[in-house]
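For reference, the structure is listed below as structure tokens.
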Amino acid sequence: MGSINFQNKLMALQSNLLNFAYMLTSNRDDAYDLLQDTTLKALDNEDKYVENTNFKGWVFTIMRNIFINNYRRVVRSATIIDTTEDCYHLNLSQDSGLETPEGSYAAQEITSAINDFPEKYRVPFSMHVAGYKYNEIAEKMGLPLGTVKSRIFFARQQLQERFSAYR
């Protein structure tokens, strides 16, 4: 495909690409950035385009792949490697507050409050926080699903009441 013809086809798709980029990103500025990255990548790889193939599909695939790669890069950069004993920080968000002494103290208080629960509430709640699903907890504990859900709900309520002053 001649370079001018390629560029004309690419420019004709800009509004469609912008709509697709906005659908992927849900943010106008990010959509424009994605459109620019896609346009540059398509122009850089003009020699890889095979004549008589779906040009629009080829360019949209480039955009989708750029979006996925950027998303994966963001997820990788947000990953925390837990080096604490017993993987204490695992599954905590970046802004957990544990970087400050006050945040660490609050986490110790919450852990202490959870440990003060009777075993019938502490075990299912701790399993839920650890990532188990309700049905997995019910199966492991040999309890009905509704009982597990109500115990976890009760434990949450107790924590909210105990730490209502932190809000």
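Some points to look at:
- Within segment 154-167, the set of residues being open to solvent by 90 Å² or more (accessible area, probe 1.4 Å) and farther than 13 Å from I114 by Cα comprises A165, Y166, R167.
- When restricted to residues that are modelled with pLDDT of 90 or more, within 20 Å of R162 (Cα to Cα) and either among the acidic types (D, E) or assigned to a loop (DSSP other than H, G, I, E, B) (or both), segment 98-150 contains 0.
The values are calculated or read from the model by the stated rules, or taken from the named source; none is laboratory data. Just so it is clear, the model here is predicted, and its values are computed rather than measured. The protein model used for the area step is the full one, side chains on, heavy atoms only, and it has no ligands, DNA or RNA in it. Shrake-Rupley method; radii C 1.70, N 1.55, O 1.52, S 1.80 Å.
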